[in-house]
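Visitor: Structure in structure tokens, see below.
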Amino acid sequence: MVAGKIITCAVARSHFHAILFFPSLTFLLKPCILAAMQPSLFSSAHLTVTQLTLRVRKLLEGDLELQDVWVEGELSNFSRPASGHLYFTLKDKGASLRCVMWKSDAARLRLALQDGMAVEAHGHIGVYDQGGQYQLYADQIKPRGEGALYQEFLRIKAMLEAEGLFDPERKRAIPELPRKIGIVTSATGAALRDMLNTLRRRLPLVWVILAPAPVQGVDAPPALVNALAEINRQEPDVILLARGGGSIEDLWAFNDERLIRAVAESQAPVICGVGHETDFTLCDFAADLRAPTPTAAAELATQITIHDLAGFLEDAGTRLTSLTFDLLGDQKDLISSLTTRLKYVSPSRRIQSEGQHLDELARRALSALVYRNELHSAHVNGLARRLESLSPLAVLKRGYAVVTRKDDGSVVSKVKQAAGVMNVRVGDGEFEVIRQS
């Protein structure tokens, strides 16, 4: 019994806290709440405002369903201060909900918000401590009913993607310098004026063909298919399929299966420029190239502009002049080379060459004669030196002497032969000596 009473009181106090912050939840009160408000055997919780708010925040943020929720209602009290954040209220007949969208999420928003719009906002529920209120922190906003269209968008996309209509291998290159551009769009829309102004500014030489068709409503898809077929018969180099921005309902014609197949089967490459940069249609996937806007589609179709062509012509003129001078220089060098070769084979050149050769032979003969004489002279000198080294005079020069008898001229080689007057011959002359006995 005591345990049961404790549990009942705890539940009652929990409900009591809910009353303080959510008056709309009063239908959940049980009779036990009255008992809980009566003095009990247990002391009541004492919390500061911050502690109580934190406890409520934990309750709300702990509910996983409230952290990933779509809320639909009518937009009111919309404001966008200088901070870039969005503040608004969602309301219906029974209640209202304060909402905030931070600047980072608001920057991706493609929908122009205004009071009175019926929208669906996605986000999570949290508590603004300073204001003591719970609110939706939104990260996506779309018009009410867009969810069903988006599911259909995904269904058609998956089906055609499975057939290979969106394969990158099917994409064709866009010609850099088209001569004829076809446009499929509304004849009265601003998109046509923007594209024509862009084409006139970038490439006024191009031939533009228009196949007008409605771009919105139930009649738009078949009309656009017929316009594509008609403009293909004119054999353009590239086709621009475009319209201005709008809601998903406004752009739905470009998600029509018939039009998507016609784009994929087009004989000429197709540039799809539907809506704004954040808008995507299934025709974007089937086209050979997607452009974020109609103006961008016209720019992508004219990759080479009139200014580029003027630059190309100027460069071509410069290159032509340079090539002409180079050719003249080459021909001048050729003529000079031929003249030089002609001089080499002319009779006068040969006579000069043979004369030079004769002079060279004469010089070589004289040089050989001088060398031969010098060689023989060196040989004779060598023989002379050898004879001189064998001469008796050479021996006398080394300190020896030859003694001969004056009377008979015989050589005195022994002491007993020396007698009387004798001649002594030395290296530089001779003199007489007398031996006295």
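Visitor: Identify all aspartates and glutamates with a Cα-Cα distance to residue 180 below 14 Å; exclude those on the same chain that are fewer than 8 residues away in sequence.
Guide: Of all the aspartates and glutamates, those that pass the test against residue 180 - Cα under 14 Å, at least 8 places apart if same chain - are 235, 237.
Visitor: Residue 103: which aspartates and glutamates have alpha carbons under 16 Å from its alpha carbon, excluding same-chain residues fewer than 8 sequence positions away?
Guide: Cα-Cα hits under 16 Å: 139.
Visitor: Turning to a different aspect of this structure: With an 8 Å Cα cut-off and a minimum separation of 6 or more residues, compute the relative contact order for the stretch 130-244 in percent.
Guide: Normalised by residue count, the contact order of the stretch 130-244 is 31 percent.
Visitor: Starting from the amide H of residue 242, placed 1.01 Å from N in the peptide plane, find each other amide H under 5 Å away whose residue is 5 or more places distant or on another chain.
Guide: 184, 273
Visitor: For the chain, what is the calculated [θ] at 222 nm in deg cm²/dmol (nearest 500), taking -39500 (n - 2.57) for each run of four or more DSSP H residues and dividing by its residue count?
Guide: Rounded to the nearest 500, it is -14500 deg cm²/dmol.
Visitor: With both partners inside the chain, how many of the DSSP beta bridges are antiparallel, as a percent to the nearest 5?
Guide: Once the DSSP bridges in the chain are tallied, antiparallel ones form about 65 percent.
Visitor: Pairs of Cα atoms under 8 Å, at least six residues apart: use those to get the relative contact order of the chain, whole percent.
Guide: 8 percent
Visitor: Please return the longest range in the chain lying between exposed loop sites, taking chymotrypsin sites (Phe, Trp or Tyr not before Pro), DSSP loop only, at most 15 other beta-carbon atoms within 10 Å, and leaving the sites out.
Guide: The segment 103-399 is the longest one with no such site.
Visitor: Next question. Which ordering of 185, 305 is given by a fewest-first count of other beta-carbon atoms within 10 Å?
Guide: 305, 185
Visitor: Considering only 223, 173, 95, give the residue with the highest GNM mean-square fluctuation for the chain, with springs between Cα atoms whenever their separation is below 10 Å.
Guide: Between 223, 173, 95, it is 95 that shows the largest mean-square fluctuation.
Visitor: Using θ = phi - 60° and the Karplus curve 6.51 cos²θ - 1.76 cosθ + 1.60, what whole-Hz ³J(HN,Hα) does each residue of the stretch 209-218 get, with Gly and Pro shown as x?
Guide: 10, 10, 10, x, 7, x, 10, 8, x, 5
Visitor: Can you give me the angle between helix 190-202 and the longest principal axis of the chain, using Cα atoms only, in degrees from 0 to 90, rounded to the nearest 10?
Guide: 10 degrees
Visitor: Continuing with the same structure: May I ask for the longest run of the chain untouched by GluC sites (Glu not before Pro) that are loop-located per DSSP and have at most 14 neighbouring C-beta atoms (other than their own) within 10 Å?
Guide: My reading of the result: 1-175 is the longest stretch.
Visitor: Please build a GNM for the chain, connecting alpha carbons under 10 Å apart, and tell me which residue among 346, 44, 413 fluctuates the most.
Guide: The residue that fluctuates most here is 413.
Visitor: In angstroms, what radius of gyration and Dmax does the chain have, counting Cα atoms only?
Guide: 59.9, 191
Computed from the coordinates by the stated procedures, all read-outs in this text should not be read as laboratory data. None of the values given here were measured: they were computed from a predicted structure. All Cβ positions, even for glycine, are placed from backbone atoms using ideal geometry, and neighbour counts span all protein chains on display.
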